[in-house]
Ligand code: FES
């Protein structure tokens, strides 16, 4: 477990709202496993704790790669940091690692920014001797991330976009269904992305008899195990994503209840997001509707 000042080595803007930072964190970089996450405090040890997934790590250089979307005040502040500046605290690695073994054939599905935390799982599944089939989905071409990094580890890589601007015009469930209908069918699948995407990946795999692991990172708030914000219903039992997860059997997750809870503060979150854009002099948010006049 590591916490302390962490220097930013490099920064990349992957799309309008998605940033990649490489930061120094040698102890975490050496210890992290696929599927684990971090708690980050930007520049104040009493500041907001935000859970972020680990997209990559270099144990020799002692660096971590984190990919995040600007959704609130803290992530906007993080996006304004430049190489050479510091992040106050990075705590981790946290959460249970992904269950990795030689299953046989594994389908890995990443949606939007979920493709970043999928990358270490793809690497680990490949290293364990699996045949790894990867599906990366995004709304449009500019939101497709990590394609070049994933390709060397994928026995097959399918890119899909909602608008057809890159790869196949399809939802991720279309190639997932095709892979699951193949003979022999996959032995395992993994999905990380928006809850609605994971819900339908779980439906398709359940129908076709393929197990699926899903990562519920997006519902976490402070990662302490105390706020209760991350509780989900899995197989009729209440589980805490930050303590019991973040990965669960996708066929057991009650996604509908989870999505209702995640929408509870949507209006306030949208207002906060607009305010951050105004304060930081950024262009109006590309996705949110204009505020009422
Ligand atoms: S995120 Fe607060 S209890 Fe899990």
All-pairs Cα distance distribution in the range 105-262, expressed in whole percent, bin size 5 Å
2, 10, 20, 21, 20, 15, 9, 3, 0, 0
Counting just the Cα atoms, what span does the chain cover along each of its three principal axes? Round to the nearest Å and put the largest first.
53, 51, 40
Contour excess over end-to-end distance, with Cα ends at residue 16 and residue 131 and 0.36 nm allotted per residue
38.0 nm
Helix axis angle, 195-207 relative to the chain longest principal axis, alpha carbon, degrees
10
The range 1-43 scanned against label point 7 Å out from residue 165 along Cα→C-beta; backbone N under 15 Å for 14-18
What whole-number distance in Å separates the alpha-carbon centres of the range 111-189 and the range 210-237?
23
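Would you mind ranking 171, 133 so that the residue whose beta carbon has the fewest other beta carbons within 10 Å leads the list?
Numbers: 171 18, 133 23.
Ascending Cβ contact count within 10 Å gives the list 171, 133.
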Per DSSP H run of n ≥ 4, the term is -39500 (n - 2.57); total these for the chain, divide by its residue number, and report the mean residue ellipticity at 222 nm rounded to 500 deg cm²/dmol.
-7500 deg cm²/dmol
In degrees, nearest 10, the alpha-carbon axis of helix 266-279 is tilted away from the dominant principal axis of the alpha carbons of the chain by 50
Using Cβ contacts closer than 10 Å as the measure, can you line up 94, 208 from fewest to most?
208, 94
Cα-based helix-to-principal-axis angle, 115-127 vs the chain, degrees rounded to 10:
50
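Going by how many other Cβ atoms sit within 10 Å of their own, how do 37, 200 line up, fewest first? Provide the component values of the computation, followed by the final result.
Details: 37 25, 200 16.
Final ranking by Cβ density, sparse to dense: 200, 37.
Quick note: the coordinates plus some simple rules give every number you see, no bench work behind them. The structure presented is a predicted model; accordingly, all values stated were derived computationally and were not measured. Neighbour counts run over all protein chains shown; Cβ positions are idealised from the backbone, glycine included.
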